[in-house]
1. Report relative contact order for the chain in percent, whole number only (criteria: Cα-Cα under 8 Å, sequence separation at least 6).
2. Looking at 120, 34, 105, which one has the Cα that reaches farthest to the positive end of the dipole of the chain (charges on Cβ: Lys, Arg +1; Asp, Glu -1)?
3. For the Cα atoms of the chain, what angle does the longest principal axis make with the long axis of helix 39-51, in degrees from 0 to 90, nearest 10?
4. Could you run the Karplus curve 6.51 cos²θ - 1.76 cosθ + 1.60 with θ = phi - 60° over segment 29-34 and give me ³J(HN,Hα) per residue in whole Hz, x for Gly and Pro?
5. Applying a 10 Å radius around every beta-carbon, put 135-148, 58-71, 39-52 in order of their mean neighbour count, most first.
6. Report, by chain and number, residues whose modeled amide H sits under 5 Å from the one on residue 89, excluding near sequence neighbours (fewer than 5 apart, same chain).
7. May I ask for the distance between the Cα centers of segment 125-149 and segment 86-123, given as a whole number of Å?
8. Along segment 74-85, what does the Karplus equation 6.51 cos²θ - 1.76 cosθ + 1.60 (θ = phi - 60°) give for ³J(HN,Hα), rounded to whole Hz, x for Gly and Pro?
Amino acid sequence: MRVGIGYDVHRLVSDRKLILGGVEISYHLGLLGHSDADVLTHAIVDALLGAAALGDIGTHFPDTDDRYERMDSLIFLADAAAKVRQCGYRIENIDSTVIAQRPKLAPYISEMRARLAKTLDITETQVSVKATTAEELGVVGEGKAIVAHAIACLSRL
Ligand code: ZN
């Protein structure tokens, strides 16, 4: 067994869509970033790459590369899963937490799990997504950013 952790944070701004776990969330702000800035998917990519000691999202998909501008982050996720499998690992499970003061994410969790599981070619029972607030503390609590944490467990194929 091997485990990896992932962490990411993106700033909330106007004139951007809010995409989390590949799902578009109805909100008046969105996350700022070079790609679609899907903070949850980015944390999961880092957890997968980390579990296989393959570096991080920045080395594989640099934000200086114009090919990745406004990119659907699920493409990064599918690519990370392929790299992990090429190294001889199977994805056992993913757990993750999104920390957002607003909006309420509960209505979107099952769709995020379905979207992530499909992209990773694993079952929804192998993908956990949890959401919490920051109790109005710090930049996340002030609604200026969204944070995501993820952990991935791999086994030898
Ligand atoms: Zn990111």
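Taken together, the values in this text are just the output of simple stated rules run on the coordinates, not laboratory data. Remember, it's a predicted structure, so these values are computed and weren't measured experimentally. Reconstructed Cβ throughout: ideal geometry from the backbone, glycine too, with neighbour counts over all protein chains shown.
1. Values: 365 pairs, mean separation 52.9, N = 157.
Here the relative contact order equals 34 percent.
2. So the residue we want is 120.
3. Roughly 20 degrees, rounded to the nearest 10.
4. Here the 3J(HN,Hα) series is 10, x, 8, 8, x, 6 Hz.
5. Values: 135-148: 16.6, 58-71: 12.1, 39-52: 26.9.
Descending mean neighbour count gives 39-52, 135-148, 58-71.
6. Residues meeting the criterion, in which the H sits 1.01 Å from N, are 157.
7. 14 Å
8. For segment 74-85, the Karplus-derived couplings read 5, 5, 4, 5, 4, 5, 5, 4, 5, 5, 4, 5 Hz, x marking Gly and Pro.
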